[in-house]
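S.K.: Please read through the structure below; I'll follow up with questions.
Nothing in this text is a laboratory measurement; each read-out follows from the coordinates by a stated rule. The structure displayed is predicted, hence computed values, not measured ones. FYI the Cβ positions are ideal-geometry reconstructions off the backbone, even for glycines, and counts take in every protein chain you see.
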Amino acid sequence: MRLIGMLDSPYVRRVAICLEFLGVPFEHEAVSVFGGFEKFQSINPVVKAPTLVCDDGEVLMESSLILEYIEATIASGQSLWPSDTTEHQHDFRALSLALAACEKSVQLIYERKLRPKELHFEPWLRRVTGQLVAAFKALEHEVQERQTSFSGPVNHASISAAVTWQFTQSILADVVLASNHPGLVELSARFEQMPEFQKYPPDGPGI
């Protein structure tokens, strides 16, 4: 299997780290959707990261679907989801917040970096910023209150929360203040010391 995409994408990094925790072997190919557009297009015409090229050549997309496929078919019974149904629901809630925060971070970064300043639409920027701040506020609450999910064994929710926090802080620290999120600060610092995280650092060209 081949995982295509740059590790400064939180979606790509999330998949790489989860595969490492699951013990699933893969090759990572650092191809940018910007600087390497034509090369990426030759692998996946949709040019969407992450892209997973299966052993038979079929191409999969979307980080959550890729991970669902891996756990269903390749991970030999390993899972980063809890077996308890209530805890599973809680982890779904936390993961959905992390992914929402990730999505809004990307939207805000694209607006700041790719659209000329004179074309910025301030009502839209305010709306996305409000959604981003709200997602991290709720995720911070989950980290503080859900000790099983965030202080126990690593899982999809905790991995994605740590990856998303690092990503947002690397570019939007002026929008999402670390002082308001001590639980996420501690979680990120702890997880970034893990070998699985250090093996896949958030390196890339940015936007």
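S.K.: Given a Förster distance of 35 angstrom, what is the FRET efficiency for residue 122 paired with residue 68, based on the Cβ-Cβ distance and rounded to 0.05?
M.R.: After rounding to 0.05, the efficiency reads 0.40.
S.K.: Please go through the residue pairs 48/113; 48/137; 48/199 and name each one whose alpha carbons sit more than 25 Å apart in this structure.
M.R.: Check vs 25 Å cut-off fails for 48/137.
S.K.: Order the peptides 54-65, 188-199 from the highest to the lowest mean number of other Cβ atoms within 10 Å of their residues.
M.R.: Listed from highest to lowest mean packing, they are 188-199, 54-65.
S.K.: Between residue 48 and residue 96, what is 0.36 nm times their sequence separation minus the Cα-Cα distance? Round to one decimal in nm.
M.R.: Result: 15.3 nm gained on full extension.
S.K.: I'd like the Karplus ³J(HN,Hα) series for segment 74-88: coefficients 6.51, -1.76, 1.60, θ = phi - 60°, whole numbers in Hz, and an x wherever there's a Gly or Pro.
M.R.: Computed from phi, the couplings for segment 74-88 are 10, 6, 6, x, 6, 8, 9, 9, x, 7, 5, 5, 5, 5, 4 Hz.
S.K.: Where a ≥ b ≥ c are the square roots of the eigenvalues of the C-alpha gyration tensor, would you call the chain rounded, which needs a/c under 1.5, or, failing that, prolate if a/b is larger than b/c, or oblate?
M.R.: It comes out oblate by the Cα gyration axes.
S.K.: Return the calculated 222 nm mean residue ellipticity for the chain, to the nearest 500 deg cm²/dmol, obtained by summing -39500 (n - 2.57) across DSSP H runs with n ≥ 4 and dividing by the residue count.
M.R.: Taken over the chain, the calculation gives -19000 deg cm²/dmol.
S.K.: Let me ask something else. Over segment 2-79, what is the mean sequence separation of C-alpha contacts under 8 Å (at least six apart), divided by residue count, expressed as relative contact order in percent?
M.R.: The value is 34 percent.
S.K.: Which whole number of Å³ per residue matches the convex hull of the alpha-carbon atoms in segment 2-79?
M.R.: Cα-based convex hull of segment 2-79, divided per residue, equals 78 Å³.
S.K.: Show the residues, 5+ positions off or on another chain, whose built amide H is closer than 5 Å to the amide H of residue 28.
M.R.: Here the answer is 3, since their amide H atoms fall under 5 Å of that of residue 28.
S.K.: With both partners inside the chain, how many of the DSSP beta bridges are antiparallel, as a percent to the nearest 5?
M.R.: Counting DSSP beta bridges with both partners in the chain, the antiparallel share is about 65 percent.
S.K.: Pull up all non-local amide H partners of residue 181: gap of 5 or more, or a different chain, and H-to-H distance under 5 Å with H placed in the peptide plane.
M.R.: none
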